[in-house]
Amino acid sequence: MQRSREMERAEKRLSGKEGNDAKNRASIEENLRKEMRRLDREVAEVVMVKEKKVAEMMRDGNRQMRRADEKEQKIAQKIYWIVIDKAENLDERSSEGGDEEPEN
């Protein structure tokens, strides 16, 4: 967007009084080239900063996903051991005394 504004401004400068004189026109064109290079560097810098921010956000997101997975695994492991413990207790009771159900 800024580049298009700069291009419009350059066109105005070149089409005005100063743009008609060959000497002034060369000077104006050189100044405009320098300005365009500067603006291109600024844009490249902004893009690089933006890419770094996006990469950092992605790393943070991946880290959060890993943490959530670890929590889920811990919970699943606890449930697994509860089920195994319950099954072992039922097996022990059935082998100890009989087929009676435990009272609550």
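Residues are listed down the side, and each one gets a yes or a no for (1) at pLDDT below 90; (2) farther than 30 Å from residue 12 by Cα:
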residue	(1), (2)
34	no, no
37	no, no
40	no, no
48	no, yes
56	no, yes
61	yes, yes
65	no, yes
69	no, yes
72	no, yes
Of the residues 78, 86, 50, 71, which single one is under 28 Å from residue 5 (Cα atoms) and basic (Lys, Arg)? 50
Here is a list: 31, 24, 62. Which entry is touching a helix residue (DSSP H, G or I) at 6+ places or on another chain (Cβ under 6 Å) and over 15 Å from residue 2 (Cβ atoms)? 24
Answer with yes or no whether residue 84 is surrounded by 10 or more Cβ atoms within 10 Å (Cβ to Cβ) and modelled with pLDDT of 90 or more. no
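The values are calculated or read from the model by the stated rules, or taken from the named source; none is laboratory data. Source: prediction; values computed, not measured. Glycine also receives a Cβ, built like all others from the backbone with ideal geometry; neighbour counts cover every protein chain displayed.
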